[in-house]
Each structure stands twice: as C-alpha cells, then as structure tokens.
Amino acid sequence: MANNPGAKKAIRKIARRTEVNKARRSRMRTFIRKFEEALAAGDAAVAKTAFVEAQSELMRAVGKGVLHKNTGSRKVSRLAAQLKKLAVA
C-alpha cells in the first residue's frame, strides 16, 4: 500500500489514465466490430467505409499510446487483407 504522498498521487493518476485508455480501447473495438459485421454481410461498399474508419481509429489509438505502433499496423494489415479477399470474391 502507498504510504507517501507521491505514491498516492501516482495511484490516482494511474486510475484516471486507466479509465481514459479503457474508453479509447472500447471505441477502437467498436469500429473494428462494425467492419467485421460489414464483412459478414458481404457488402463491399459498407465494408470499405468501415475499414477506413477502423484504420483511422486504430492509428489514433497508436498515437494515444493505447497500442504499440507495430500492433496497430498489424491489425490494419489484417483488416485490409480481409477487405481485399471480399473484393476478389
């Protein structure tokens, strides 16, 4: 347990940051889910717009420090591959 004022303040800061990051992660997952639902429906036009939004949201999460840069790039790449597979089919 924290005993000195600095440690107590750090605990408060971490709690606030955790809440913010949780909201950002949830928002990111929502956009990814919308893209996956468009893929499942087989609608290429909707999937394309959902992909652009999901890509933007993933890179925003990278910029905010929620995801590592390589993780964000990997996720975008995999989503793009799924979109490409839908377009070919």
TODO: Using 0.36 nm per residue of separation minus the Cα-Cα distance, give me the extension gain between Lys64 and Ser77 in nm, one decimal.
DONE: 2.7 nm
Task: Neighbour net charge for Ala61 - beta-carbon separation under 9 angstrom, K R +1, D E -1 - done: +4
Open item on the list: Net charge around Gly42, counting only other residues with Cβ within less than 13 Å of its Cβ (Lys, Arg = +1; Asp, Glu = -1)?
Closed with: -1
TODO: Starting with the fewest neighbours, write out Met59, Met28, Met1 ranked by other beta-carbon atoms found within 10 Å of each beta-carbon.
DONE: Met1, Met59, Met28
Open item on the list: Could you sort the peptides 11-20, 61-70, 48-57 by per-residue average Cβ neighbour count (10 Å cutoff), highest mean leading?
Closed with: 48-57, 61-70, 11-20
- [ ] Write down the Å³ per residue value for the convex hull defined by the alpha carbon atoms of region 15-89.
- [x] 64 Å³
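Using 0.36 nm per residue, how much length does the chain from Asn4 to Glu53 gain when fully extended, once their Cα-Cα distance is taken away? Please report the intermediate quantities before stating the final value.
Values: separation 49, 0.36 × 49 = 17.64 nm, distance 4.45 nm.
Result: 13.2 nm gained on full extension.
For the chain, what is the relative contact order in percent, using Cα pairs closer than 8 Å and at least 6 residues apart in sequence?
Values: 53 pairs, mean separation 23.5, N = 89.
Relative contact order, the chain: 26 percent.
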- [ ] Between Val20 and Asp43, with labels modelled 7 Å along Cα→Cβ, what's the label distance in nm to one decimal, could you check?
- [x] 3.5 nm
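Read-outs: derived from the displayed coordinates by stated rules, not from any lab. Nothing here was measured: the structure is a model prediction, and the numbers come from that model. Every residue, glycine among them, receives a Cβ derived from its backbone with ideal geometry; neighbour counts consider all protein chains shown.
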